[in-house]
Amino acid sequence: RRAARPHRERPLLEPVVINGSTGWLGRALRQRLATSPLEVRPVEAPGDLLAACNDAGSVVHLGGGVLSRARSVGTVLEATEALVDSVTGSAIERIVFISTAGASPRARSEYLRATANAEACLHAFRRDLVILRCTHVFGPPEDPGEVVEALRADSRHRVAVIGSGSQQVAPVYREDVL
């Protein structure tokens with residue numbers, strides 16, 4: 001059970017920080033929230049995170065794409081640790097982490113192990129936490145995302161296969177995630 005924090009008056013609509021706002025999901029989330037009454041604070045560089053979190057109420061933390069392993073394996077945990085450092089002492093009460101289905105410390109995939117470690121880091125931080133573990137996310141035809149792009153046939157009509165090819169893939173539509 002989480003320790004109670006002192007009650008304070010909070011505005012009805014507090015700013016929302018989007019950590020990872022320049023990625024594929026982050027850009028789509030920014031576009032969706034553009035018409036809402038919320039103040040949206042996109043974090044475009046790690047150095048912007050501390051100031052963005054100052055008096056915000058929530059953070060949406062977008063980890064990294066599964067197919068961008070070179071970028072995401074090393075950064076998913078580092079980005080989460082930087083988030084925890086920036087949120088410490090701030091007004092942030094709630095963190096929403098878009099994670100990956102299959103994240104586990106015992107997973108064979110290095111990315112899934114790193115994502116599980118990021119989840120554990122957030123659990124230990126003791127804020128309200130929502131973890132949404134998504135399967136492969138795909139977007140609309142005009143912006144399908146890296147999963148669809150990777151699976152499209154090339155000029156020789158060959159397609160890429162994720163993993164061994166024996167697993168079933170149950171993709172989720174981007175707008176359903178957001």
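So the values come out like this:
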| quantity | calculated |
| --- | --- |
| Unmet criterion (only one of (1) surrounded by 13 or more Cβ atoms within 10 Å (Cβ to Cβ); (2) at pLDDT below 85; (3) over 18 Å from the mean Cα position of the chain (by Cα)) for G74 | (3) |
| Looking only at region 136-147, and only at residues there that are outside any strand (DSSP E or B) and open to solvent by less than 60 Å² (accessible area, probe 1.4 Å), the one that is nearest to V161 (Cα to Cα) | V147 |
| Matching option when the condition is open to solvent by less than 20 Å² (accessible area, probe 1.4 Å) and at pLDDT below 90, among G63, G26 | G63 |
| Residue ID - nearest to A51 (Cα to Cα), chosen from residues in region 85-123 that are open to solvent by less than 20 Å² (accessible area, probe 1.4 Å) and not hydrophobic (A, V, I, L, M, F, W, C) | S86 |
| Pairs, first over 12 Å from R174 (Cα atoms) in region 141-162, second open to solvent by 100 Å² or more (accessible area, probe 1.4 Å) and of a type outside the set (F, W, Y), C-beta under 8 Å, six or more apart | V159/R152 |
| Selection count where residues are small (G, A, S) and either under 26 Å from G89 (Cβ atoms) or modelled with pLDDT of 85 or more (or both), scope region 120-163 | 4 |
| Number of positions in region 31-41 that are surrounded by 10 or more Cβ atoms within 10 Å (Cβ to Cβ) and either under 16 Å from T80 (Cα atoms) or without any contact (Cβ under 8 Å) to a residue 12 or more places away in the chain (or both) | 2 |
| Verdict on G89 being in contact (Cβ under 8 Å) with a residue 40 or more places away in the chain and on the phi > 0 side of the Ramachandran plot | no |
| R152 vs. criteria open to solvent by 50 Å² or more (accessible area, probe 1.4 Å) and within 28 Å of E14 (Cα to Cα) | no |
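The values are calculated or read from the model by the stated rules, or taken from the named source; none is laboratory data. Everything quoted here is computed from the prediction, not taken from an experiment. Please note: Cβ atoms are built from the backbone with ideal geometry, for glycine as well, and neighbour counts cover all protein chains shown. Please note that ligands, DNA and RNA were not included when accessible areas were found on the heavy atoms of the full protein model with its side chains. Shrake-Rupley method; radii C 1.70, N 1.55, O 1.52, S 1.80 Å.
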